[in-house]
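Colleague: Take a look at the following structure, please.
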Ligand code: SF4
């Protein structure tokens, strides 16, 4: 048997008073895309997401300066379960812990800070922080940032690398006697999300799983990609919490939650509406944006890229549009053409090669040129 059967039931954990796993209903969560330092905007968006039905709201924090803002955000969002994404700075965990219900760390982002400490030492410290502050933990593994040790160990099987990385961190949690944790294994490709989560669920049937397709992009394509993965997994009872990641302006951010509930209702009712041959042509991936976006034009740019490139719909080409300079450079490496946004300019790439950076207006005609060139190159290859 290569997948868990319909009886899969994980252990139940408590996240800020919400039961997750076991017999509990699947929880829909979402994430604020506002700047965390903008307290009013983040408080408003936290309420906006909760009103739409988000059981857990995630907020990203990069540095200690944002902790004071988080404290105030928490004071104004009492009753809402808050999770914090430690991004690449796990060391702020003890500062954020008093103000949240859950912390998320990425096993791929532990190696480059405090190199003198081992990964088990760092995880042990995170577990101690979580235990001291009555928090849950999410082990959030991402195909775009797999821990180098696991990539080196499984160079020909990226999915094995991410499943083994997640399983290793579960083993560490077990060793430290901590079981209030959940795991996510994300990618922008729905097929990889399905396979990674199936393999992990088989490996650790006891551990609750958070489902997500990263950088799914703009609606409706982002919704379709997410459905392709979620319908398959939820139908096999894999997934105890879910997030639909969509590129949306802030005033529409709650649509992520509405779509999440719709998918759950459809699966429960046996309505499966994935498009079977989706993914044969142009694929535009774009991040859902978060507090790291430095130019509000990102969402508009993603929309413009979609409109500009519509003529290439039949071509099997991936274009990635990312909102920030922290994850943008790495997350665009695998795309045929990639754009990542800085404060005033947009960087354009062809695979991992930089083509230059351009103003938000000038990047579009240059993208068109590069796309035309790519289509020509591929035609030449086919005709040879
Ligand atoms: S790419 Fe940057 S802006 Fe987009 S979700 Fe990831 S961290 Fe946030």
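The values are calculated or read from the model by the stated rules, or taken from the named source; none is laboratory data. Quick caveat: nothing in here was measured; it's all calculated off a predicted structure. As a convention, Cβ positions derive from the backbone with ideal geometry for all residues, glycine included, and neighbour counts pool all protein chains shown.
Colleague: Suppose we keep only residues that are within 14 Å of the ligand (Cβ to nearest atom) and surrounded by fewer than 17 Cβ atoms within 10 Å (Cβ to Cβ) within region 296-323. Which one would you say is nearest to residue 377 (Cα to Cα)? Working first, answer last.
Modeller: From region 296-323, those within 14 Å of the ligand (Cβ to nearest atom) are 296-299, 301-302, 320-323; that's our starting set.
Now narrow it down to the ones that are surrounded by fewer than 17 Cβ atoms within 10 Å (Cβ to Cβ): 296-297.
On the way: 296: 34, 297: 31 Å.
Per the stated criteria, the residue is 297.
Colleague: Using the structure shown, decide if residue 155 is assigned to a loop (DSSP other than H, G, I, E, B), closer than 25 Å to residue 232 by Cα and over 19 Å from the mean Cα position of the chain (by Cα). Walk me through it before giving the result.
Modeller: On the way: assigned to a loop (DSSP other than H, G, I, E, B): yes; closer than 25 Å to residue 232 by Cα: no; over 19 Å from the mean Cα position of the chain (by Cα): yes.
Considered against the rule, which asks whether it is assigned to a loop (DSSP other than H, G, I, E, B), closer than 25 Å to residue 232 by Cα and over 19 Å from the mean Cα position of the chain (by Cα), residue 155 comes out as no.
Colleague: Residues in region 197-237 that are within 16 Å of the ligand (Cβ to nearest atom), over 13 Å from residue 274 (Cβ atoms) and either free of Cβ contacts under 8 Å to residues at least 12 places away in the same chain or assigned to a helix (DSSP H, G or I) (or both): how many?
Modeller: Count: 1.
Colleague: Could you please let me know if residue 33 is in the same structural domain as residue 242 (by TED's automatic domain parsing), away from the ligand (no atom under 15 Å from the Cβ) and buried (at least 23 other Cβ atoms within 10 Å of the Cβ)?
Modeller: Numbers: in the same structural domain as residue 242 (by TED's automatic domain parsing): yes; away from the ligand (no atom under 15 Å from the Cβ): no; buried (at least 23 other Cβ atoms within 10 Å of the Cβ): yes.
No.
Colleague: Oh, and also: So, in region 238-285, exactly how many residues are touching a residue at least 12 places away in the same chain (Cβ under 8 Å) and outside any loop (DSSP other than H, G, I, E, B)? Can you show your working first?
Modeller: First pass over region 238-285, keeping only residues touching a residue at least 12 places away in the same chain (Cβ under 8 Å): 238-250, 253-261, 263-264, 266-267, 272-275, 278-285.
Subsequent filtering for residues that are outside any loop (DSSP other than H, G, I, E, B) retains 241-243, 250, 255-261, 263-264, 266-267, 283-285.
Count: 18.
Colleague: Let me ask something else. Quick one: would you say residue 240 is more than 28 Å from residue 377 (Cβ to Cβ), over 16 Å from the mean Cα position of the chain (by Cα) and either surrounded by 21 or more Cβ atoms within 10 Å (Cβ to Cβ) or within 16 Å of the ligand (Cβ to nearest atom) (or both)?
Modeller: Numbers: more than 28 Å from residue 377 (Cβ to Cβ): yes; over 16 Å from the mean Cα position of the chain (by Cα): no; either surrounded by 21 or more Cβ atoms within 10 Å (Cβ to Cβ) or within 16 Å of the ligand (Cβ to nearest atom) (or both): yes.
Criteria not met by residue 240.
Colleague: Against the definition (touching a strand residue (DSSP E or B) at 6+ places or on another chain (Cβ under 9 Å), assigned to a loop (DSSP other than H, G, I, E, B) and either surrounded by fewer than 17 Cβ atoms within 10 Å (Cβ to Cβ) or not assigned by TED's automatic domain parsing to the domain that holds residue 143 (or both)), how does residue 292 come out, yes or no?
Modeller: Details: touching a strand residue (DSSP E or B) at 6+ places or on another chain (Cβ under 9 Å): yes; assigned to a loop (DSSP other than H, G, I, E, B): yes; either surrounded by fewer than 17 Cβ atoms within 10 Å (Cβ to Cβ) or not assigned by TED's automatic domain parsing to the domain that holds residue 143 (or both): yes.
When the stated conditions are applied, residue 292 passes them.
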